[in-house]
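Data block below; observations after.
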Amino acid sequence: MSHYSIKKLLLGVTGGIAAYKAAELVRLLTKQDIDVQVVMTAAATQFITPVTFQALSGNPVYTDLWQPDVGNGMAHIDLSRQVDAILVAPASADFLSKLVHGAADDLLSTLCLARDCKLLVAPAMNQQMWHNPATQRNIRQLQHDGITVLGPASGAQACGETGLGRMLEPEELLERLLARAQPQLLTGKRILITAGPTQEAIDPVRAITNHSSGKMGYSIARAAIEMGAEVTLVSGPVALTAPANARTLYVTSANEMLTAVENNLQGQDIFISVAAVADYRPQQTSTSKIKKNGTPLTLTLEANPDILATVASRPDAPFCVGFAAESENLLQYAEEKRRRKHLPLIAANIASEALGQDESSLVLIDAQGSHPLPLAPKITLARGLLQHIAAMLDNPTRKIHS
Ligand code: C5P
């Protein structure tokens, strides 16, 4: 994955029904404080007007190669020099083919040719057009030329057909764009992360578990990879796709999780224990299904190992980060937990607001005090947490332990 910073983006809009979604994309980008300069092809203006983009971006919209009011009159050079990246969304089949051939017959194609920055395209077209060998050939050539192709997605199309060719949704485009723009703060760092719940078997069909979805741990794994880290993810049973480029190991019980963590601890710089590890397991696991007979059933539970405390107490412990999901007295309980487990950092949240949700908030607590991360998608919180960890590691004079 190639990386670049992104403060100013040139958004190229070409002619396709998905052009209306580009308006929402501009709104999302500006919300992230990214300055957006929109350039439209003539065909795009048949679908949506420049005024819409001007209102949303706060910048004049350019459509004309011969725009007299741009700098030295050379819009095709000027506009691409002022931006960190160009994203063409939607990118029509015709526009992709023009990029392949280096065509320069309108403002957008000319400034793509004259660019000295990263170029990304989000194809949008009818599924038959997408599958056409000519388009597929073009896509391979664009990738070979170092252009990043985002999508397309599959699903119902404006023409009534169903299949691959839809432009990625604006939220997804923003996410992909930001993922590639993360500062490489964790290059060379090895990070071990636990995620999800554990399941403690009662018998072959029943288990004690909890409502952890694994979303926070998986988001941290993704964000760490984006920031350049080498990630090992030890995951309990979840319904999530493993992050690309993480080494993911699946476990079921707390004991299995502890074994997987200990077997993979050597050489790790950071251990982030996000998993909601079951505190207790049945003392006995029945090998056959327990039959109901109408009388109360008593299960005797025994304590599971505390994986985080076990790792943090080792003399060769990596930088250990815990999570504290509390229902009340958040700061006090989390700080007590941080000290008890000898952690430089703990991330605290209200359990009912975090478990299974896509968005949450966190308070990071270290020896210096507390640092709130406001309500945001978990991937955003993950980036904030990792930036905080990177800053702590970067500053060895900073007091790490309590
Ligand atoms: O003490 P409490 O369970 O609230 O601590 C939460 C933190 O400890 C989390 O980071 C969790 O991953 C970790 N933990 C663990 N093993 C346990 C229980 C919790 O690693 N058995």
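Bear in mind these aren't lab numbers, they're just calculated from the coordinates by the rules spelled out. All figures in this text were calculated on a predicted structure; none of them were measured in a lab. Neighbour counts run over all protein chains shown; Cβ positions are idealised from the backbone, glycine included.
Brief remarks on what is shown
- Kirkwood hydrodynamic radius over Cα pairs of the stretch 247-391, then Stokes diffusion coefficient at 37 °C and 0.692 mPa s, in µm²/s: 192 µm²/s
- Two-site label geometry, residue 5 and residue 42: point separation in nm, points 7 Å out along Cα→Cβ: 3.9 nm
- The residues neighbouring residue 365, those whose beta-carbon lies less than 11 Å from its own, together hold a net charge of 0 under the Lys/Arg +1, Asp/Glu -1 convention.
- Solvent-free Debye calculation, one equal scatterer per alpha-carbon of the chain: log10 I(q)/I(0) at 0.09, 0.14, 0.15 Å⁻¹ equals -0.67, -1.14, -1.22.
- Comparing 298, 187, 209 in a Gaussian network model of the chain, where Cα atoms under 10 Å apart are tied by springs, the biggest mean-square fluctuation is seen for 298.
- Cross-link pairs exceeding 21 Å in C-alpha to C-alpha distance, out of 215/289; 118/378; 7/215; 8/31, comprise 215/289; 118/378; 7/215.
- Excluding the site residues themselves, the longest part of the chain lacking any trypsin sites (Lys or Arg not before Pro) in a DSSP loop with at most 13 other Cβ atoms within 10 Å is 8-288.
- Equivalent-ellipsoid semi-axes for the stretch 1-126 (Cα gyration tensor, √(5λ), whole Å, largest first): 18, 17, 16.
- Net lengthening on full extension, residue 361/residue 203 (0.36 nm per residue, minus Cα-Cα): 53.2 nm
- Length-normalised contact order of the chain in % [C-alpha pairs under 8 Å, at least 6 apart]: 11 percent
- Paramagnetic reach from residue 184 (point 7 Å along Cα→Cβ, amide N under 20 Å) across the stretch 243-264: 244-247
- Proximal lysines relative to residue 337, as straight alpha-carbon distance under 19 Å, when same-chain residues fewer than 8 apart are discounted: 399
- Other residues lying with their Cβ under 9 Å from the Cβ of residue 350 contribute a combined charge of -3, Lys and Arg counting +1, Asp and Glu -1.
- The stretch 4-63 and the stretch 301-323: distance between their alpha carbon centers, rounded to Å: 49 Å
- Amide N of the stretch 22-57 lying under 18 Å from the label point, which is placed 7 angstrom from the Cα of residue 129 along Cα→Cβ: 22-23, 40-49
- Taking N as the residue count of the stretch 65-145, its C-alpha radius of gyration divided by 2.2 N^0.38 Å amounts to 1.16.
- Cα-projected label distance for residue 158 with residue 299, points at 7 Å along beta-carbon direction, nm: 5.4 nm
- Cut-off 13 Å between beta-carbons: net charge of the residues surrounding residue 329, Lys and Arg +1, Asp and Glu -1: -3
- Sum of -39500 (n - 2.57) over DSSP H runs of 4+, divided by residues of the chain (222 nm, nearest 500): -9500 deg cm²/dmol
- Within the straight-line cut-off of under 19 Å between alpha carbons, the aspartates and glutamates reachable from residue 189 are 226, 230, 262, 269, 316, 394, sequence neighbours fewer than 8 places apart in one chain being disregarded.
- Oblate is the label for the stretch 106-245. Its Cα gyration tensor axes, ordered a ≥ b ≥ c, give a/c of at least 1.5 and b/c at or above a/b.
- Scanning the chain for chymotrypsin sites (Phe, Trp or Tyr not before Pro) that sit in a DSSP loop and have at most 14 other Cβ atoms within 10 Å, the longest stretch containing none of them is 67-402.
- Estimated FRET transfer efficiency (residue 314, residue 292; beta-carbon r; R0 60 Å; 0.05): 0.85
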